[in-house]
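Here's the structure, in structure tokens; my notes come after.
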């Protein structure tokens, strides 16, 4: 991929689910889930970027179980993924949601020879192996998302609209349940595992607030919380991979906030560079001062938060700020809401953004910012 040029991959159906292939350390791969209302029409696309040439290679798999609202690749097995999906049930005449774990028949995307290329070009969408489906006890209850446990391949956290449950992957049974107190409790809208604190905490978005629960036992009281993290609905969160008390949040107030949850009264970093709802926020796994956001203003932004990523006890680090805080680059190749923006799991300078108009844009951090960080 040449400096400054993004690569666009178009799909046939609308999309809002994207995940890097976390278990892959060599190839730059992303998985996309489609959101088509037609029965048995949805797919999972595996997209691989050939770094030297900028060529894209893809494979397409069937996802006949329903439209995909959320997708996560397993950090434990490169071929395993889970989808949060919605489908119309003709028996009950209503839509039901579920979480399904799949296994890809192959992780190879780039053909090894001409025979492989001919075979791929002549094939339609392939089948994935369905390993397990988890559904709500109440068919009408919405499922917001599902996240793999960071270290235990047999556990996933599932965020329902009224509770958080940790499920056993093999049996599907809930092994821990969290439901907030109060009759008029606000609904959950998403969440994520805390990669620190022994991997026992799961933080959820609850309207404008952030609540974090200990998953080792059933609980209805949070371990910590950030009230009024946003002036409107909180849409996404991501933990700083290097600083155990820092997390970033995004919301309908068009804001990107960074918090130290030990004192959550005010954010330690705040930007409102988007002009509409911010759906996604992600820390770079290697360089914590780089953050990605995606918004309904049809833009993905690369933002620097260097001022809150320095060690203030180190005088040299305190005096030298590698990047200036603020937007480094705006990516405007989309024409609809950017629901997801994700860093590559294999290459720290490459990322992808996905919009509802079925457009995946792969980009790289501009070279001069990269050199500022490295040199």
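Odds and ends about this structure:
- Helix-only mean residue ellipticity at 222 nm for the chain, each DSSP H run of n ≥ 4 adding -39500 (n - 2.57), per residue, nearest 500: -1500 deg cm²/dmol
- Which of 226, 110, 134 has the fewest Cβ neighbours within 10 Å, and the rest in rising order: 110, 134, 226
- The DSSP beta bridges internal to the stretch 93-250 are antiparallel in roughly 95% of cases.
- Footprinting exposure proxy for 261, 160, 371 (fewest neighbouring C-beta atoms within 10 Å first): 371, 261, 160
- The relative contact order of the chain comes to 13 percent, based on Cα pairs under 8 Å that sit 6 or more residues apart.
None of the figures in this text is laboratory data; all of them are computed from the coordinates on show. Computed from a predicted model, the values in this text were never measured in an experiment. Positions of Cβ are backbone-derived with ideal geometry, glycine not excepted, and every protein chain shown enters the neighbour counts.
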